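Student: Pasting a structure below so you can have a look.
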Amino acid sequence: MQEIVDESADIEIRPESQHNPGRQAEFAETLHKISFGQIYLSKPMMTEADGETATLFPKSARLRNLTYSAPLYVDVSYRVVKKGHDCEEVTETAEYPKVFIGKVPIMLRSSYCTLFQQSEKDLTELGECPYDQGGYFVINGSEKVLIAQEKMSTNHVYVFKKRQPNKFAYVGEVRSMAENQNRPASSMFVRMLSRAGAKGGSSGQYIRATLPYIRADIPIIIVFRALGFVADKDILEHICYDFSDTQMMELLRPSLEEAFVIQNQQVALDYIGKRGATVGVTREKRIKYAKEILQKEMLPHVGVGEFCETKKAYYFGYIIHRLLMCALGRRAEDDRDHYGNKRLDLAGPLLGGLFRMLFRKLTRDVRSYVQKCVDNGKEVNLQFAIKAKTITSGLKYSLATGNWGQANQAGTRAGVSQVLNRLTYASTLSHLRRLNSPIGREGKLAKPRQLHNSHWGMMCPAETPEGQACGLVKNLALMVYITVGSAANPILEFLEEWGTENFEEISPAVIPQAAKIFVNGCWVGIHRNPDLLVKTLRRLRRQIDVNTEVGVVRDIRLKELRLYTDYGRCSRPLFIVENQRLLIKKKHIRALQQRETPDEGWHDLVAKGFIEYIDTEEEETTMISMTIRDLETSRHNPGEAYSETYTHCEIHPSLILGVCASIIPFPDHNQSPRNTYQSAMGKQAMGIYVTNYQLRMDTLAYVLYYPQKPLVTTRAMEHLHFRQLPAGINAIVAIACYSGYNQEDSVIMNQSSIDRGFFRSLFFRSYRDEEKKMGTLVKEEFGRPNRENTMGMRHGSYDKLDDDGLAPRNKGLWGRCHYWEDVSNSTR
């Protein structure tokens, strides 16, 4: 949040010149500047009706239909710079510390939550269930969960083959987004025309680029010339690197011939500028506009400054190089459904994007208010200018309705926020680990719905709904960790120290002999000894000198080393293997079992280099053994072993399943769709959904009287608290025709077992009513009505009601009884 506030530019306002004939203004010009500084977020608070503030706990937020949110404050400074006619400046500054700008909903069990790091005993005293994992929000008393959203990764070059007949044969695309920028990704496409698409049929395959904000496609050679690379040799060096590759050079011939008429930078810039947004401007303005587009909008992740032309030319050349490699059949086209090409937006980025939008709206409102005040000569009151309601109601609206974005605005996504499922404990856990692909449900596309090889260990292969959302709504596997993201700077500094050569130091001819190095999709240079570099990086990562989340992908065939530090990648922990032996030994496990505090266990294993996190893309460069037995085989009988070069070992193969599928005993003995059906039905099993159900007021709740532990349990059940919060009963079942009594799936039950409490359950329902004021004369209140002076009384028994109009506790109600009654009193 601090970053979002910091990157918003200061608000600068100049008063509109007032027309006062014959009078000279006191100052030549006045400038009003408003800037936002440090932000402060406290623990969740609530304000009572009498104005008293108190700490808010989740229990009271649920019961009193409040939003569990914390107030947000920001330091604001307001400066007025007045310039006299003698060019003398006078500055007046006013500091407004801790101005309230809105309330931010707090996720339960996060570091700002009042339950953070509380012991089980304290949680029970606060009326919370110690097994509740948190990870959701309380909005107007109802629990809301944010479903993770899947998206394609940015700053990644994709090359796709187009299905013919089509104007284009191949398309290369990059959705580019600078690391710390708040703008939407700017897309760039490089397309190769198919033979039929080129005019004249035989003139060859032109390659054109689509730049942001430019109407027509621009030939690639013109883009290079606009970047300042004029000679054909320079341009080809940036695409082919190697002039002995005649096939690739031939493919570029038509493009070179097409741009033959434009032979210098100014003409190329003018060519692009003419096809820009504005028509009928001077040549200088057109050239300036084209320059700005190339600097700021084309590939912003490579750089947006003045001197990024070389880097951009190399990156642009790399996109074309990839396109040509695909066209020549030396490299397969990219796979859209590979999970390495996907990123997940969890609650953090989703709320961050929303907050950014609302904060922008807030600053716009402040600007227009101050502009009005300044123009009318009124005094500026910042407390009035900053409307805290903008952020408060904006965040609340999105979380309450699930429409992600501002109300009544285009581009909102529906169903991002959902009411947390509380049927069973397993259904709650499963709902918190759900993710959604934003593809239209109507499309009959099979590919995005199918299980992909790269889903292994990341997505549950069984748990997905049937019907139109099949394969688009997925669930995370048990051990997945989604990266939070870290800064790329430490990695860039490390690379510089370890002999990475940047583009200023090298000639293009050496590129084919060295490995290209990418950090978060941005090509930063080349390295002559990538083997050493990768070994060093992995060693540092295992010692936590480099962030454990960093992905190190070495593609030997393509001579590339790709490093990732961004957020939203799926990764999972694996045991590290060296010389076909696990690095973790029995003594370490024993030390782990005898440790004093429960917190240090997992982090220690990672810090000591026994376990490391491997993301989807890096997984393809490793060799993972299923069990320790595989390692023994590879050591003792190398001839029989599947591999002799294992680098990692699975923690346990069953961890590829999600929450609901882990509860199935012997899932490997079932048909695959049976596991899918059980994953859906396990969420509807009746049991105990939380331990504090007596203290909650859920709209609907079911609790089984005598739940039992299943006869056959799985290892994962222990960790999913299935023993403490079980669902279901071990029934003795005979599946038989029984002379046709089994028709239409009917059941016959034993009367005596029902008498003994078999499948007996409790059902809670909450009813709400409130005393409303109906104008000045009439007001409602709870009470026992009197037949003589009450109009519109319903039929039924009123004798179960107390004087306060409510039925007393623990009194049986049946038939046409009234639970409560409100009476309108007319004081006329």
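What follows is calculated from the coordinates using simple rules that are stated; it is not laboratory data. Quick caveat, the model's predicted, so the values are computed rather than measured. Cβ placement follows ideal geometry from the backbone for every residue including glycine, while neighbour counts extend to all protein chains displayed.
Student: Could you give P(r) for region 769-828, binned at 5 Å from zero, as whole percent values over all Cα-Cα pairs?
Tutor: The calculated distribution, bin by bin, is 4, 17, 26, 25, 15, 8, 3, 1.
Student: To continue, here is another question. If you plug each phi of region 229-246 into the Karplus form 6.51 cos²θ - 1.76 cosθ + 1.60 with θ = phi - 60°, what whole-Hz ³J(HN,Hα) values come out, in order, with x for Gly and Pro?
Tutor: Along region 229-246, the couplings run 9, 9, 5, 4, 4, 4, 5, 5, 4, 6, 9, 8, 6, 10, 6, 7, 7, 5 Hz.
Student: Also: Can you tell me how region 376-416 classifies by the Cα gyration tensor, rounded, prolate or oblate, using a/c under 1.5 as the rounded cut? Intermediate values should be presented prior to the final figure.
Tutor: Values: a/c = 6.49, a/b = 2.70, b/c = 2.41.
In terms of gyration-tensor shape, prolate.
Student: With an 8 Å Cα cut-off and a minimum separation of 6 or more residues, compute the relative contact order for region 769-828 in percent.
Tutor: 42
Student: Also, quick follow-up: Restricted to Cα positions, what overall size does region 359-494 have along the principal axes? Three whole-Å values, descending.
Tutor: Principal axes ranked by extent give 67, 47, 33 Å for the Cα atoms.
Student: In whole angstrom, how far apart do the alpha carbon centroids of region 357-404 and region 742-812 sit?
Tutor: Taking the Cα centre of region 742-812 as reference, the centre of region 357-404 is 46 Å away.
Student: Anything over 23 Å Cα to Cα? Flag those among Lys167/Lys312; Lys43/Lys151; Lys59/Lys144; Lys83/Lys296; Lys167/Lys285, in the order listed.
Tutor: Too far apart for the 23 Å limit: Lys167/Lys312; Lys43/Lys151; Lys83/Lys296; Lys167/Lys285.
Student: Treating only the Cβ of Lys, Arg, Asp and Glu as charged (+1, +1, -1, -1), what charge dipole size does the chain show about its Cα centre? Round to the nearest 20 debye.
Tutor: Values: 108 positive and 98 negative charges, 416 e Å.
Roughly 2000 debye for the chain.
Student: Determine the shape class of region 539-687: with a ≥ b ≥ c the square roots of the Cα gyration tensor eigenvalues, call it rounded for a/c under 1.5, and otherwise prolate if a/b is greater than b/c, oblate otherwise.
Tutor: Numbers: a/c = 1.39, a/b = 1.33, b/c = 1.05.
The shape class here is rounded.
Student: Between Glu493 and Arg441, 0.36 nm times their residue separation minus their Cα-Cα distance comes to what?
Tutor: 14.2 nm
Student: Treat the count of other C-beta atoms within 10 Å as a stand-in for reagent exposure and order Arg62, Arg275, Arg364 from fewest to most.
Tutor: So the residues, fewest neighbours to most, are Arg364, Arg275, Arg62.
Student: Dividing the alpha-carbon radius of gyration of region 20-149 by 2.2 N^0.38 Å (N being the number of residues), what value is obtained?
Tutor: 1.68
Student: At a threshold of 8 angstrom on Cα-Cα distance, excluding pairs fewer than six apart, so keeping six or more, what relative contact order does the chain reach in percent? All intermediate terms of the calculation are to be shown ahead of the outcome.
Tutor: On the way: 1433 pairs, mean separation 79.4, N = 828.
Here the relative contact order equals 10 percent.
Student: Let me ask something else. Can you check what the net charge comes to around Gly37, using other residues whose Cβ is under 11 Å from the Cβ of Gly37 (Lys, Arg +1; Asp, Glu -1)?
Tutor: On the way: positive: Lys98; negative: Asp6, Asp10, Asp75, Glu95.
Result for the neighbourhood of Gly37: -3.
Student: Ok, one more. Lys361 to Trp602: extension gain in nm, 0.36 nm per residue of separation minus the Cα-Cα distance?
Tutor: 82.5 nm
Student: Can you find, among Ala680, Ile221, Tyr738, the residue farthest towards the positive end of the dipole of the chain? Put +1 on the C-beta of Lys and Arg, -1 on that of Asp and Glu.
Tutor: Of the listed residues, the answer is Tyr738.
Student: Extending each Cα 7 Å along its Cβ direction at Phe759 and Leu532, get the distance between those two points in nm, one decimal.
Tutor: 7.2
Student: I'd like the GluC sites (Glu not before Pro) in region 481-587 restricted to DSSP loop residues with at most 16 other Cβ atoms within 10 Å, sorted by number.
Tutor: Working: sites: Glu493, Glu496, Glu497, Glu501, Glu504, Glu505, Glu549, Glu560, Glu578; in loops: Glu504, Glu505, Glu549.
Counting only loop positions with at most 16 other Cβ atoms within 10 Å, the GluC sites (Glu not before Pro) in region 481-587 are Glu504, Glu505.
Student: Could you list the GluC sites (Glu not before Pro) in region 415-477 that lie in coil according to DSSP, counting only those with at most 15 other Cβ atoms within 10 Å of their Cβ?
Tutor: Glu442, Glu466
Student: Further, regarding this structure: Sort Tyr738, Tyr78, Tyr136, Tyr241 so that the residue with the fewest other Cβ atoms within 10 Å of its own Cβ comes first and the one with the most comes last.
Tutor: Sorted ascending by nearby Cβ count, the order is Tyr738, Tyr78, Tyr241, Tyr136.
Student: Sorting Met626, Met686 on the 10 Å Cβ count, fewest up front, what's the list?
Tutor: Met626, Met686
Student: Moving on to the next point. Calculate the radius of gyration of the Cα atoms of region 158-300 to one decimal place, then report Dmax, the largest Cα-Cα distance, as a whole number, both in Å.
Tutor: Using the Cα atoms of region 158-300, the pair Rg, Dmax is 15.7, 46 Å.
Student: Along the positive direction of the dipole of the chain (beta-carbon charges: Lys, Arg +1; Asp, Glu -1; about the Cα centre), which of Thr310, Ala509, Leu432 reaches farthest?
Tutor: Leu432
Student: In debye, nearest 20: dipole of region 769-828 around its Cα centre with unit charges on the Cβ of K, R (+) and D, E (-)? Spell out each step's value before the answer.
Tutor: On the way: 11 positive and 12 negative charges, 37 e Å.
Using Cβ point charges on Lys, Arg, Asp and Glu, region 769-828 gives about 180 debye.
Student: Let me ask something else about it. Per residue, how much space in cubic angstrom lies within the convex hull of the C-alpha atoms of the chain?
Tutor: Value for the chain: 291 Å³ per residue.
Student: Here's another thing I want to ask about it. Using the structure shown, select from Lys535/Lys608; Lys311/Lys516; Lys82/Lys378; Lys161/Lys474; Lys103/Lys342; Lys396/Lys779 the pairs with a Cα to Cα distance greater than 24 angstrom.
Tutor: Lys161/Lys474; Lys103/Lys342; Lys396/Lys779
Student: Relative to the present Cα-Cα distance, how much length would full extension add between Lys372 and Lys151 at 0.36 nm per residue of separation?
Tutor: Result: 75.4 nm gained on full extension.
Student: Check cross-link reach from Lys683 to the aspartates and glutamates: straight Cα distance under 19 Å, and skip same-chain residues fewer than eight apart.
Tutor: Asp132, Glu143, Glu463, Glu466, Asp698, Glu718
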